[in-house]
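Q: Submitted below is the structure of interest, expressed as structure tokens.
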Amino acid sequence: MTITVNGLDELRKLAGGDLGTSAWIEVTQERIDTFADATGDHQWIHVDPERAAAGPFGATIAHGFLTLSLFIPLFTELLEVEGVTTKVNYGLNKVRFPAPVKAGSRIRLVARLASVEDVPGGVQIAVDGTVETDGGGKPAAVLQSLSRFYI
């Protein structure tokens, strides 16, 4: 369920609160292959199912940065900020990949709005996110993402 706020004052009121949990999305081999083509990272653990089956993970796995890139579509399910002119990804404070995402796995995002700070012309938010794998013990990614919203 998407939380929708209108303007920066409503966004500020959410600071420190949970944003919820996104829907599951599947990380297919096709998605992994497309990411490999886009980035030039064709390491066999990502793109060679036969070789990867005998490798350390028993299957091909998503690139860590593919998992990280899926933060944005998962996050947009959780929070919509209206009444602003510009929304930008500002960066990351911390990222870890505790567990691999095997091809065919489903992932989702659990997020919390850690902070909302004023910046010239708008605000910067820090979102604590955990990317979970369906049936997985450890998270696939743990991160803090920074975004800016300008009026």
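Q: Pick out, from the range 46-151, the strands (runs of 3 or more DSSP E) lying fully within it that include 2 or more residues that are within 13 Å of the chain's Cα centre (by Cα) and either at negative phi or at pLDDT 95 or above (or both). Don't jump to the end; show me each part of the working.
A: Values: elements: 79-82, 86-96, 105-119, 122-133, 141-150.
Passing ranges, in order: 86-96, 105-119, 122-133, 141-150.
Q: Something else: Of all residues in the range 56-78, which are under 16 Å from Trp44 (Cβ atoms) and surrounded by 14 or more Cβ atoms within 10 Å (Cβ to Cβ)?
A: So the first thing to find is which residues in the range 56-78 are under 16 Å from Trp44 (Cβ atoms), and the list is 56-64, 66.
Hits for the range 56-78 are Phe57, Ala59, Thr60, Ile61, Ala62, His63, Gly64, Leu66.
Q: Taking the range 107-123 on its own, how many of its residues are surrounded by fewer than 17 Cβ atoms within 10 Å (Cβ to Cβ) and either without any contact (Cβ under 8 Å) to a residue 12 or more places away in the chain or touching a Ser or Thr at 6+ places or on another chain (Cβ under 7 Å) (or both)?
A: The number of residues fulfilling the criteria is 3.
Q: Answer yes or no: is there a residue in the range 24-36 that is over 18 Å from Gln124 (Cα atoms), open to solvent by 60 Å² or more (accessible area, probe 1.4 Å) and part of a strand (DSSP E or B).
A: Yes, that holds for at least one residue.
The values are calculated or read from the model by the stated rules, or taken from the named source; none is laboratory data. Because the structure is predicted, anything quoted here is derived from the model rather than measured. Note that each Cβ is placed from the backbone with ideal geometry, even for glycine, and that neighbours are counted across all protein chains shown. Areas reflect the complete protein model, heavy atoms only, side chains present, ligands, DNA and RNA absent. Shrake-Rupley method; radii C 1.70, N 1.55, O 1.52, S 1.80 Å.
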